[in-house]
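Novice: One structure follows; several queries about it will come next.
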Amino acid sequence: MEVNVFILLGFLLGYGFRLEGDYLFALEASSPDYLLDLQPIRSDRFTIYSPYPEEDFRFKGQIHCHTQASDGDDTLQEVMEAYQSLGYHFVVITDHDQITKAPTVPGILFIPGVEKSSSSGHILGIGVKSQTDEMRPDKIIDHIQKEGGVAIYAHPNRWPLFSGWTLRELLSVPGACGIEVINAKRWRTNSENKWDALLTRGYRIWGMAGADCHSIAREANRAWVVVAAPDLREDSIIAALRNGHFYSTEGPDLSVKVYPDKIVASTSREATIEWIAKEGVKRRVIRGVKEDTYFVEGDEGYIRVVVIRKSDKKRALGQPIFIEGAGASSKG
């Protein structure tokens, strides 16, 4: 009975009062101060600001993974060797509140990181060499950025009592480059609703995917990112993550090409392809295809593509492409 009461209390506090469900677009907030450097693609009617580079998506990486140094089942060496055998090109080790030192494992890039506890939710720091004792989330994000790293809001749709984020909390501490939209570890951790809420308010923020792996045997290959970068070096991968040069996936592959008036998305197996604009509205949905073209209208605010593979319903998420009408000032 005590367990049932605890679960009910957690549900009420986590979802009844803090998640805000259907009211995600009712909260008001100004856009954050930071702006990303995006290349404009101009036409007579609008300007497209795209994060998609000329390089192909080719480097498979895990950005959220734990070892025995915090609460994982496996040693650092075992984690790196397992991901190398699974075909990953890089792994970010994000042990809780500590920086895990680099191992020696050939054939795979190790990137240091941390999952930092804050007075709100957890924050991933990618590419950091040290951590701060601060608990304020804005101070933690500032520290990660000063180290040249990438700050990510971790698993926002976990129960807020257990390291998740309410939308109000996210709005109160802008500045992170990414939000972990796909987290394979817990129940109800697809956070596209909060991602769209932030994007609708003008936040330029990337959607990340992480396995949150605590056990190689059970969780290693459930979610990852695929990065477009000129080479497999730590600084190149971090720059690509900071600038949105990647897609996030539970399995499907994705290719995106951006033109002055249209966007073409393709994948290798039959899927449903969705095109999502501001307020999370589905502008176009087509099923049972491997490729689709979206013709830009100019009033989308942003457009992002979702691929849902037909065979297993696994998802791949493209990054948002920002759209401004002719004559509007550039935010890129």
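The values are calculated or read from the model by the stated rules, or taken from the named source; none is laboratory data. Remember, predicted model here, so these are calculated numbers, not experimental data. For neighbour counting, all protein chains shown are included, and Cβ atoms are generated from backbone atoms with ideal geometry for every residue, glycine included. All accessible areas refer to the heavy atoms of the entire protein, side chains included, with ligands and DNA or RNA removed. Shrake-Rupley method; radii C 1.70, N 1.55, O 1.52, S 1.80 Å.
Novice: Go through Cys213, Thr272, Ala239 and say which Cα lies farthest out towards the positive end of the charge dipole of region 190-276; charges sit on Cβ, +1 for Lys and Arg, -1 for Asp and Glu.
Specialist: Selected residue: Ala239.
Novice: How high is the FRET efficiency between Ser172 and Asp71 when r is their beta carbon distance and R₀ equals 30 Å, given to the nearest 0.05?
Specialist: Efficiency at R0 = 30 Å is approximately 0.60.
Novice: Could I ask something else about it? Report in % the part of the accessible area of region 51-144 that belongs to carbon and sulfur, leaving out ligands and nucleic acids; probe 1.4 Å.
Specialist: Here it works out to 45 percent.
Novice: What is the extension gain from Val289 to Glu54, computed as 0.36 nm multiplied by their sequence separation minus the C-alpha to C-alpha distance, in nm to one decimal?
Specialist: Value of the extension gain: 82.2 nm.
Novice: Each label point is 7 Å from the Cα along the Cα-to-Cβ direction; what then is the distance between the points at Ala217 and Lys310, in nm?
Specialist: 3.7
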